[in-house]
Amino acid sequence: MRRIAFLVISILVSLSLSAQKGSLLGVVTSDGTPLEYASIGLEGTTIGASSNSKGYYKIANIPYGTYTVKVSAIGFEPKT
């Protein structure tokens with residue numbers, strides 16, 4: 001019984017901690033055209049992703065807070 005209680009407590013703690021995270025998803029475009037393989041990052045962190053061949057990206061497991069999103073791609077000036 002003690003082992004099951006520990007497992008339940010561990011699961012509850014994990015769920016509680018994971019509730020403090022979010023995700024960001026979207027599409028990167030230039031003049032309405034999807035921008036493939038752009039880098040999308042949260043300034044001041046190492047959290048980021050790359051857009052796919054259709055310009056879509058998703059950054060998961062972002063800790064709760066306020067961030068500035070920075071997008072860069074070859075041939076383009078970085079944007080925040």
Legend entry - Accessible area, probe 1.4 Å, largest first, for residues 67, 57, 37: 37, 67, 57
Inset, instruction - Enumerate the calculated ³J(HN,Hα) couplings along the stretch 66-80 in order (Karplus 6.51 cos²θ - 1.76 cosθ + 1.60, θ = phi - 60°), each rounded to whole Hz, writing x wherever the residue is Gly or Pro. - result: 10, 9, 9, 8, 10, 10, 9, 7, 4, x, 10, 6, x, 10, 10
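Using only alpha carbon pairs under 8 Å that are at least six residues apart, calculate the relative contact order of the stretch 15-80 and give it in whole percent.
34
The values are calculated or read from the model by the stated rules, or taken from the named source; none is laboratory data. The structure displayed is predicted, hence computed values, not measured ones. Side chains included, ligands, DNA and RNA excluded: accessible areas come from the protein's heavy atoms. Shrake-Rupley method; radii C 1.70, N 1.55, O 1.52, S 1.80 Å.
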